[in-house]
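Take a look at the structure set out below.
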């Protein structure tokens, strides 16, 4: 018994160290955002915030990094993409679960087959296609593809199979409700928990996406948050440590808020995603 | 779905058309934004399409020239090797730590508390924008001034600042570490939920038979998780083959000696920064596409009727344990 307790203490210590490892880089980032470049050069690590937040903000305001533009573009893209992806994936899953049609099985097989293909490997064709139709600096090029999200359809189907009773659908039919109305007023409410989970992950993935936006968006006013962040690698920031830390902090602040508000659901969602059956 | 069929027949109306109708938006968008770009990428791979203002292209006389050229390209080969080396350097510690944490957290006799809070902390880095994480780490591992150099110097482990971006091994190590740091929490949660999905009767049977926690872990938990482990391995490998944000931004464009150049960074550099060799980039993309297609075919095969296979296997194990107990 005593040995087990000792081992347990070891486990707790290991877990606390890993926890600190998770937070430490962000802590350094937030604290250094409030310190002057000179202070950081003297001593790169401090646990105590300083008073240079406003000065760092001033330095940042004179440069290309524009957190507000990045924020708004990212919000527009992520919100629209999430709404479209969740709605249409549920609709597609409904087509797979509730109706008996000839192509149903082949269609589901197709979804499984393309589920893992990342958009990155088809980016050359995608870019050239968008270039030809004049959509390279159009945010729609990053929003519309969300309607076809094989992974989300798969997840929605797996959730819908056991939780949607087709008797309810049948009784709605007897009451004279149209198929599309049945979906919107009966099926969607039942799918709410699954939709919420998928919405969080779609939102975060879309928000964090760097490759495609970087390929498609060339005008500064269209830059998303991750592209803004990538600008910090440039030479004009070489010596402005305080400002760089502040810019990084601003870029992840919304994510931190969302994460700590929804962490319970997010963790549960990750676990759920793995039990895909 | 026999139930729905019965209903359909009873009503005497066919609802099949709604199946087509409701999946139509998906199919249309899929064809326009996924299928067409895929075919287009493949086609470009067989052409002479390059240059920033080029809009027309011709098919090459030797159709596979771009593919052969890419496969013989030293930078492409190096980037493929880098991608795999960095992935291995991240995956082995990641899966080991995740398994260890899973063993600790699911051990029924230890009852580790605060698991929820630990999971929230371990998963945190995964949700943060990879671009931000890459730049943050490049400042943290900064040279000559940076937190890590500060710590190492004050501990007297090094006498003067160490440049983590010019040493090939150190640069790869940092990129692999960032990947590990971002993903071990995710893998741990997946594995724990995998263990929780195992039939509890198996564990009870093992307990009755007097199996030790480590015996239970190695002889029941691990074998039952084989599919989920392979799934984790393949999805991680596919993700690793697409690694872009961290290697691209930690050291700009893969570093001075291309030490952290991955295949995605290579493709990006070929097509979009300076050279505009769309045909070569397309050929490299299709090579990656083929590799990923094979890997996802394996996952696809594994996921087919996974629950059924798992249920069968669980029954067999229980049967075996019973026989063992009787003997």
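Cα convex hull, segment A:1-136: 285 Å³ per residue, rounded to a whole number. If each DSSP helix of 4+ residues adds -39,500 (n - 2.57) and the sum is divided by the residues in chain B, what number results at 222 nm, nearest 500 deg cm²/dmol? Value at 222 nm, helices only, nearest 500: -22500 deg cm²/dmol. Three principal axis extents of chain A based on alpha-carbon atoms, in descending order, are 75, 70, 34 Å.
Inter-chain Cβ neighbour count for B:275-287, averaged per residue, equals 2 (cutoff 10 Å, partner chain atoms only). For segment A:101-216, averaging the sequence separation of C-alpha pairs within contact (under 8 Å, six or more residues apart) and dividing by the residue count gives a relative contact order of 35 percent. Peptides A:51-63, B:32-44 ranked from most to least packed give B:32-44, A:51-63, packing being the mean of other C-beta atoms within 10 angstrom over each peptide's residues.
Two-decimal Rg/Rh of segment A:151-226 from alpha-carbon positions, Kirkwood Rh? With Rh from the inverse mean 1/r over Cα pairs, Rg/Rh is 1.21.
Calculated on the alpha-carbon coordinates, the convex hull of segment B:104-260 measures out at 150 cubic angstrom per residue. Value of Rg to Rh for the protein assembly as shown, rounded to two decimals, is 0.99; Kirkwood radius and Rg both from alpha-carbon coordinates. Spatially, segment A:1-69 and segment B:191-259 are offset by 29 Å when compared through their Cα centroids. Take every pair of alpha-carbon atoms less than 8 Å apart whose residues are at least six positions apart; their mean separation over the length of chain B yields a relative contact order of 27 percent.
Label positions at residue A:69 and residue A:137, each projected 7 Å from the Cα along the C-beta direction, are separated by 1.0 nm.
Return the Rg/Rh value of chain B, two decimal places, where both radii are evaluated on C-alpha atoms and Rh is the Kirkwood radius. My calculation of the ratio gives 1.07. One chain, two ends: residue B:169 and residue B:115. Fully extended at 0.36 nm per residue, the span grows by 15.9 nm beyond their Cα-Cα distance. The mean sequence separation of alpha-carbon pairs under 8 Å and at least six residues apart, normalised by the residue count of chain A, gives a relative contact order of 33 percent. Could you work out how far helix A:67-98 tilts from the main Cα principal axis of chain A, as a 0 to 90 degree angle to the nearest 10? The angle comes out at about 20 degrees. Relative to the current alpha-carbon distance between residue A:235 and residue A:165, full extension at 0.36 nm per residue lengthens the span by 19.2 nm. At an R0 of 22 angstrom, the distance between the Cβ atoms of residue A:79 and residue A:192 translates into a FRET efficiency of 0.75.
A Gaussian network model of chain B, with springs between Cα atoms under 10 Å, assigns the largest mean-square fluctuation among B:93, B:147, B:25 to B:25.
Coordinate-derived values only; no laboratory data. For clarity, every value in this text was computed on a predicted model and none was experimentally measured. Here the Cβ is made from the backbone with ideal geometry for all residues, glycine too, and neighbour counts use every protein chain on show.
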